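First comes the structure, then the notes that go with it.
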Amino acid sequence: MHKLLLTSLLLALIAAVTGCGTEAPPMGNAVHNRDSLPVMVNYGVSKLISDSGVIRYKFITEEWRVYDKTTPPRWEFPQGIFLERFDDNFKPNMHVIADSAILYDQKLLRLRGHIYLKDDAAHTIVRTNELYWNLRTGDLSSNVHTRLQQPEQEIEGDWFRARLVGRRLTQYHIKQSKGFMPMNSSEDETARPATDTDTMAHDTLPPRDAPQPRRR
């Protein structure tokens, strides 16, 4: 009886040792296109962004993906983003909400989905489904339906360009516009709707990602 038990234990030990051989564990295929994989993925993120050594922005997101091998490098926010901009006294004066976003080279932000932008300093609200924002120059642009709302007027159209001057939204251009405006107020040259002949000095839309105008 004892010999049978000892033999069984010995066989079990040999099997265990044999099972832990020198064979390498299974591995996946080598990754050749490194730019297709993020170098970092974080969840539940709150981060501050500085410009020239001064903190200007804060974003909160459920998922943050960093790609360092793409051209240009980009940050992706596939689960949506909440973005705040600060004035010189570090007080928030603008906030933006979008369903998803991509930040190219920490400079050009592409927002998509249900976008809500509120500029407290200019008392302006912008709603659209796609918006490009150059964080360095302050230029905003969209080629899809956009609605701009201010205390004295509401305007909407399918072509939108704007610029942040003095850290507030004081210049905007909208084509194919409709809405209402006060009839007897003096026109502000720095904040007015555009006619079909208005043009911009340059366009901040990246060529490969430029959205097409919405079909009617």
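The values are calculated or read from the model by the stated rules, or taken from the named source; none is laboratory data. No experiment lies behind these values; they were computed from the predicted model shown. When we count neighbours, we look across all protein chains shown, and the Cβ atoms used for this are built from the backbone with ideal geometry, even at glycine.
Has region 65-87 got at least one residue that is at pLDDT below 95, surrounded by 10 or more Cβ atoms within 10 Å (Cβ to Cβ), in contact with a helix residue (DSSP H, G or I) (Cβ under 8 Å, 6 or more places away or on another chain) and of a type in the set (Ser, Thr, Tyr)? Yes, because at least one residue in region 65-87 is at pLDDT below 95, surrounded by 10 or more Cβ atoms within 10 Å (Cβ to Cβ), in contact with a helix residue (DSSP H, G or I) (Cβ under 8 Å, 6 or more places away or on another chain) and of a type in the set (Ser, Thr, Tyr). Among the candidates 197, 170, 204, the residue that is out of contact with any Cys (no Cβ under 8 Å at 6 or more places or on another chain), loosely packed, with under 14 Cβ neighbours inside 10 Å and either at pLDDT below 90 or not aromatic (Phe, Trp, Tyr) (or both) is uniquely 197.
Every residue, every condition in (1) assigned to a loop (DSSP other than H, G, I, E, B); (2) in contact with an Asp or Glu (Cβ under 9 Å, 6 or more places away or on another chain), yes or no:
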{"site": "43", "(1), (2)": "no, yes"}
{"site": "49", "(1), (2)": "no, no"}
{"site": "64", "(1), (2)": "no, yes"}
{"site": "69", "(1), (2)": "yes, yes"}
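Here is the figure for region 99-139: residues that are more than 19 Å from residue 79 (Cβ to Cβ), touching a Pro at 6+ places or on another chain (Cβ under 7 Å) and among the charged types (D, E, K, R) total 1. Every condition in (1) more than 16 Å from the chain's Cα centre (by Cα); (2) at pLDDT below 90; (3) under 30 Å from residue 95 (Cβ atoms); (4) surrounded by 10 or more Cβ atoms within 10 Å (Cβ to Cβ) is met by residue 52 except one, and the failing one is (4). A Cβ distance below 7 Å, combined with a sequence gap of six or more or placement on separate chains, defines the contacts here; from region 79-98, residues that are touching a residue at least 60 places away in the same chain (Cβ under 8 Å) reach residues that are part of a loop (DSSP other than H, G, I, E, B) and of a type in the set (A, V, I, L, M, F, W, C) in the pairs 93/121.
Filter region 145-159 down to the residues that are closer than 15 Å to residue 116 by Cβ and part of a loop (DSSP other than H, G, I, E, B) and list them by number. Correct list: 145 only.
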